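Here's the structure we're looking at; comments come further down.
The values are calculated or read from the model by the stated rules, or taken from the named source; none is laboratory data. Treat the numbers as computed from the prediction; the structure is a model and nothing was measured. Note: ideal-geometry Cβ built from the backbone for every residue, glycine included; neighbour counts use all protein chains shown.
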Amino acid sequence: MHLPKWKRVISWKWIFKGKEDIIGVEAPRSNARLIAQGFTQVEGIDYNEIFSLIVKCCSIRILLSIINQFDLELEQMDVKTTFQHGDIEETICMQQWKVFLKGRTGFAC
């Protein structure tokens with residue numbers, strides 16, 4: 001899309017993380033994530049509201065109750081809910097990968 005003159009572009013970067021020496025897994029695993037560098041945004045210009053998705057205490061209590069009821073042990077718990085179900089109303093423009101531009105400027109995705 002053509003980038004509006006009043007709109008700022010958010011840059012991005014790839015995060016690569018390897019997980020080695022996992023018991024029961026033959027080959028090391030690796031994760032790749034494309035993240036937006038939202039720290040370049042300015043409140044009131046690029047966004048108007050701040051929202052932090054968190055786990056409700058009752059969800060954690062239910063899980064701990066089930067663990068207690070069945071006499072289980074909990075060593076670690078991760079809750080991954082970051083932007084799974086969130087709808088965004090604003091248009092966010094991210095910087096395109098340089099390979100896609102090939103001499104064209106003023107575009108964003």
Can you say whether Ile60 is at pLDDT below 75 and of a type in the set (Val, Ile, Thr), as far as the supplied structure shows? no
Residue list for segment 69-100, restricted to those being farther than 25 Å from Leu3 by Cα, at pLDDT 65 or above and assigned to a loop (DSSP other than H, G, I, E, B): Phe70, Asp71, Leu72, Glu73, Leu74, Glu75, Gln76, Met77, Asp78, Val79, Lys80
Options Trp6, Trp14: the member that is surrounded by fewer than 10 Cβ atoms within 10 Å (Cβ to Cβ) and either β-branched (Val, Ile, Thr) or modelled with pLDDT of 75 or more (or both): Trp14
